[in-house]
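Asks: Mind looking over this structure? Questions follow.
The values are calculated or read from the model by the stated rules, or taken from the named source; none is laboratory data. All values derive from a computational prediction rather than experimental measurement. Glycine gets a Cβ as well: all are built from the backbone with ideal geometry, and neighbour counts include every protein chain shown.
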Amino acid sequence: MKRRTFISLMSVMAAAGVLSLAGCSSNTSASTASSTAASASAAAANKLETIQSNGKLVIALEGAWQPWSFHDESDTLVGYDVEVGTKIAEKLGVEPQFVEGEWDGLLAGLDAGRYDIMVNGVDITPDRAAKYDFSTPYAYNRTAVITRADDDSIQTLEDLNGKTTANTISSTYAQLAEQYGATVTAVDDLNQTFELLNSGRIDATLNAEVTFYDYTKEHPDANVKIAVLTDDANEVAIPMRKGEETATLRAAIDTAIEELRADGTLKALSEKYFGTDISTND
């Protein structure tokens, strides 16, 4: 009887030990999972650390908007934004990885986290500032209404009412044209825009002043002119996803831009691609 009691007691103790070990294992697993989740959360909360850990900065741009970003005769990706993006990556201690696409797709990719930043001559607007965090401006640019040289029907922005224009559909320029009553034809890039304008299929296009000068430098016989030029310059900056996770990245990019402005790099790049300094609003 005593032996049976002893065996029963041993069985109970063994079972309790198994349960205790199982409980410890469960607690350890939960603790490990919690620690892993916390680490992942911390990594996600610091985009700059993730970029530096990966050794690359993924930069979105169009690659077809000369002189901001385009392919030269050897099909090499070049342009003002390409060099600015490269210099910023160097300041962060990483390599730049450029991803090309159409304007709308670039914004969608930024939203989805496929790109770290977008360096694509992006103007700061109230709507964009509500959705994205922006760096300090790295360029300033006025808006030009470009028409055929023999067309004098547009003298002011108000004259766009009832006219036809062309732009990438969600661009600042398309929105401004619609605001003044123009009908906007959607295009994929600047080349399509000028093809429509030169063929007479649209009345005008709104674009960056410096883009006009670059186009006429490449096409000196082009039958185009600046019909209207805005007084105020737009601030051109780098958008990134809004939130605490990009706070340190934004601060580091701001520092990089100010250093590039202070040492004359932005001025030199501006003059190289635009023939004038667009790095300040003086």
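Asks: In the set 189, 159, which member is modelled with pLDDT of 95 or more, over 20 Å from residue 127 (Cα atoms) and among the acidic types (Asp, Glu)?
Replies: On the way: 189 fails: modelled with pLDDT of 95 or more.
That would be 159, the only listed residue that is modelled with pLDDT of 95 or more, over 20 Å from residue 127 (Cα atoms) and among the acidic types (Asp, Glu).
Asks: Can we say residue 249 is part of a helix (DSSP H, G or I), over 21 Å from residue 72 (Cβ atoms) and not acidic (Asp, Glu)?
Replies: Here the answer is yes, as residue 249 does meet what is asked.
Asks: Right, next: Write out, first by first residue and then by second, each pair whose Cβ atoms fall under 9 Å of each other, whose residues are 6+ apart or on separate chains, and whose first residue, in segment 97-113, is without any contact (Cβ under 8 Å) to a residue 60 or more places away in the chain while the second is polar (S, T, N, Q).
Replies: Here the result reads 98/69; 98/86; 100/69; 106/120, each pair linking segment 97-113 to a residue that is polar (S, T, N, Q).
Asks: Out of curiosity, is residue 196 part of a helix (DSSP H, G or I), at pLDDT 95 or above and either in contact with a His (Cβ under 8 Å, 6 or more places away or on another chain) or crowded, with 21+ Cβ neighbours inside 10 Å (or both)? Walk me through it before giving the result.
Replies: Working: part of a helix (DSSP H, G or I): yes; at pLDDT 95 or above: yes; either in contact with a His (Cβ under 8 Å, 6 or more places away or on another chain) or crowded, with 21+ Cβ neighbours inside 10 Å (or both): no.
So residue 196 does not fit the description; no.
Asks: While we're on this one: Just give me the residues in segment 102-129 being surrounded by fewer than 19 Cβ atoms within 10 Å (Cβ to Cβ) and within 20 Å of residue 76 (Cα to Cα), in sequence order.
Replies: Correct list: 102 only.
Asks: Out of (1) in contact with a Lys or Arg (Cβ under 6 Å, 6 or more places away or on another chain); (2) on the phi > 0 side of the Ramachandran plot; (3) not charged (D, E, K, R), what's the single condition that is false for residue 149?
Replies: Unmet condition: (2).
Asks: Where in segment 47-163 are there strands (runs of 3 or more DSSP E), lying wholly inside it, with at least 3 residues that are of a type outside the set (A, V, I, L, M)?
Replies: 95-100, 132-134, 143-148
Asks: I would also like to ask the following. Could you check how many residues of segment 211-234 are in contact with a Ser or Thr (Cβ under 8 Å, 6 or more places away or on another chain), in a loop (DSSP other than H, G, I, E, B) and not aliphatic (A, V, I, L, M)?
Replies: Adding up the residues that qualify gives 1.
Asks: So, in segment 162-185, of the ones that are among the β-branched types (Val, Ile, Thr) and at pLDDT 95 or above, which residue ends up nearest to residue 146 (Cα to Cα)?
Replies: Across segment 162-185, the extreme among qualifying residues is 165.
Asks: Quick one: which residue in 94, 99, 58, 84 is modelled with pLDDT of 95 or more, closer than 14 Å to residue 272 by Cβ and not assigned by TED's automatic domain parsing to the domain that holds residue 171?
Replies: Result: 84 is the single residue among 94, 99, 58, 84 that is modelled with pLDDT of 95 or more, closer than 14 Å to residue 272 by Cβ and not assigned by TED's automatic domain parsing to the domain that holds residue 171.
Asks: What is the residue count in segment 258-274 for residues that are within 15 Å of residue 238 (Cβ to Cβ) and small (Gly, Ala, Ser)?
Replies: Selection size over segment 258-274: 0.
Asks: Looking only at segment 65-87, which residues are crowded, with 19+ Cβ neighbours inside 10 Å and out of contact with any helix residue (DSSP H, G or I) (no Cβ under 7 Å at 6 or more places or on another chain)?
Replies: 70, 81, 82, 85
Asks: Taking the residues in segment 226-282 that are of a type in the set (S, T, N, Q) and in contact with an Asp or Glu (Cβ under 7 Å, 6 or more places away or on another chain) as candidates, determine which candidate is surrounded by the fewest Cβ atoms within 10 Å (Cβ to Cβ).
Replies: Result: 246.
Asks: Can you confirm whether segment 170-185 contains a residue that is touching a residue at least 60 places away in the same chain (Cβ under 8 Å), crowded, with 22+ Cβ neighbours inside 10 Å and in the same structural domain as residue 152 (by TED's automatic domain parsing)?
Replies: Checking segment 170-185: not a single residue is touching a residue at least 60 places away in the same chain (Cβ under 8 Å), crowded, with 22+ Cβ neighbours inside 10 Å and in the same structural domain as residue 152 (by TED's automatic domain parsing).
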